[in-house]
Amino acid sequence: MEMTKVQKPRLSFWQVWNLSFGFLGVQFGFALQNGNVSRILQALGADVHHLGFFWLAAPIAGIIIQPIIGGASDNTWTKLGRRIPFILGGALFATIAMFLMPNSEIFTALMPAMFFGALMLLIMDASFNVTMQPFRALVGDMVPASQRNLGYSIQSFLINTGAVVGSLLPFILTQLGVANEPAAGEKIPDSVVWSFYIGGSALILSVLWTSFRTKEYPPELYYKYNPVEKKETEEVEKESFFTTLKKTPKTMLQLAVVQFFSWVALYIMWVYSTPAIAQHIWGTEPGDATSAAFNEAGNWTGVIFGAYSLFAAIFSLIMPKLAEMTSRKMVYSISLALGGLGLISMMLFTDKNMLILSMAGVGIAWAAILAMPYAILSGVLPSDKMGLYMGIFNFTIAGPQIFAGLFGGQLIALFNNQAILLLAFAGVCMILGAVAVFFVKEVKETEAE
């Protein structure tokens, strides 16, 4: 028998804020990873052509972990809540990995430093996946349809605010007098080591805030707000993963095409920005990974990554209004196009400060990527499978990164080892994603709730 439909209550601004506050710290750590892991791995001995292979561990872990965590959280009811136990557990392991990664040289008795660093990258990114996926579903669980744009835009704002600080931290510490070159006999500068310590601490503290300031709906209330027939519930529990996969909503498949182009572009940018900027602006050679010039370029990569996160945070504040005035698809498509133009423009500049202008477009695209597909998707997903489908949707994030990781080395060789040309290629990919948005069928808000 079907339960009576009860509308979800509107939440106060601060209730919506607290739902996603932990993402502030998660992205703090994610930004440090994106801006510094290639730098760390190259310093530990990785060749620039092989960087993409080291990063493959992360999206592969995401493909495996996110559907498992999503499905598990759909069927978990504890005193802490439904999603929060997974958010908290993932944050704990991510924090530990962040503390250990910049100290990879200490563990050479166990394995070569480069491989220990790669292992910490795997654990760190897998833990980020465990933490992030339930955050997406938590907003879908708790926020009514009328506040969905607000919910995911606040999430995008917090993500990018954390990313600004995380990306700038090595640069800030260097300005404060922390050494930005490795000490004699070492490979990782103190500016990076202390950045990871601070980032890990911020991660666990912000997640604890969400964990203790958010009260998830208990089962009886949850099923009043998200009713399903009892018979259907019993059948769903027996339904295989592959049967669920076959029932994937068409909108999700259409979004997958957009995601492919978007995340290929992002992966290339994260992995190759430091060598691209070092070569293009500082004039370093491809094999140079420990010189003062390379480390200055590494810091500047953090600065421009912080810049795109700042632009994204600002754009997140006006994005809900723009989506209401036009449509989610329009905002999504234009944002991706601006991101693509921003990446392409990087090869036109030889002044490092002009790269900040390039990041304006990238930041607008990043804000939209973090919010619009989830706002569109949550309107077509069955409430009792929200976590599982959000986990499956991670295939559309991890898959493109695996593709870019496998072929990034060949592409950079094709571009005569000029990493800046690879970033321009990433810009073209993002523009193709903007075109693909127009083929996505969006469910109207009145149908979603």
Among residues of the stretch 288-317 being small (Gly, Ala, Ser) and more than 24 Å from the chain's Cα centre (by Cα), the residue modelled with the lowest pLDDT is Ala289
Do you know which of the residues in the stretch 318-345 that are at pLDDT 95 or above and in contact with a Ser or Thr (Cβ under 6 Å, 6 or more places away or on another chain) is nearest to Ile154 (Cα to Cα)?
Gly342
Take the stretch 273-293 and flag every residue that is touching a residue at least 60 places away in the same chain (Cβ under 8 Å) and buried (at least 24 other Cβ atoms within 10 Å of the Cβ).
Ser273, Thr274, Pro275, Ala276, Ile277, Ala289
Kindly provide the set of residues from the stretch 158-200 that are among the small types (Gly, Ala, Ser) and in a loop (DSSP other than H, G, I, E, B), ordered by number.
Gly177, Ala179, Ala183, Ala184, Gly185
Of all residues making up the stretch 72-96, the number that are farther than 18 Å from Ser127 by Cα and not charged (D, E, K, R)
6
Out of the residues in the stretch 316-347 that are basic (Lys, Arg) and in contact (Cβ under 8 Å) with a residue 40 or more places away in the chain, which is nearest to Ser378 (Cα to Cα)?
Arg328
Residue hits (the stretch 322-364; among the aromatic types (Phe, Trp, Tyr) and either surrounded by fewer than 24 Cβ atoms within 10 Å (Cβ to Cβ) or touching a Cys at 6+ places or on another chain (Cβ under 6 Å) (or both)) are Phe349
Filter result for the condition that a residue is surrounded by 14 or more Cβ atoms within 10 Å (Cβ to Cβ) and modelled with pLDDT under 90, over Val264, Val228:
Val228
Residues (closer than 22 Å to Leu348 by Cβ and out of contact with any Pro (no Cβ under 9 Å at 6 or more places or on another chain)) located in the stretch 248-277:
Ile268, Met269, Trp270, Val271, Tyr272, Ser273, Thr274, Ala276, Ile277
So which residues in the stretch 405-420 are under 18 Å from Phe260 (Cα atoms) and part of a loop (DSSP other than H, G, I, E, B), if there are any at all?
none
Name, by its number, the condition in (1) surrounded by fewer than 17 Cβ atoms within 10 Å (Cβ to Cβ); (2) at negative phi; (3) in contact with a helix residue (DSSP H, G or I) (Cβ under 8 Å, 6 or more places away or on another chain); (4) modelled with pLDDT under 80 that does not hold for Asp47.
(3)
From the set of residues in the stretch 360-388 that are in a helix (DSSP H, G or I) and modelled with pLDDT under 80, which is nearest to Phe157 (Cα to Cα)?
Ser378
Has the stretch 393-407 got any residue that is modelled with pLDDT under 80, buried (at least 18 other Cβ atoms within 10 Å of the Cβ) and within 16 Å of the chain's Cα centre (by Cα)?
yes
Every residue in the stretch 112-146 that is surrounded by fewer than 21 Cβ atoms within 10 Å (Cβ to Cβ) and within 23 Å of Leu24 (Cα to Cα), please.
Leu122, Ile123, Pro144
Any residue at all in the stretch 415-425 that's over 17 Å from the mean Cα position of the chain (by Cα), in contact (Cβ under 8 Å) with a residue 12 or more places away in the chain, closer than 27 Å to Ala137 by Cα and surrounded by 23 or more Cβ atoms within 10 Å (Cβ to Cβ)?
no
Can you tell me which of Arg39, Arg10, Arg83 is modelled with pLDDT of 85 or more and crowded, with 20+ Cβ neighbours inside 10 Å?
Arg83
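The values are calculated or read from the model by the stated rules, or taken from the named source; none is laboratory data. Not measured: the values here are computed from a predicted model. Please note: Cβ atoms are built from the backbone with ideal geometry, for glycine as well, and neighbour counts cover all protein chains shown.
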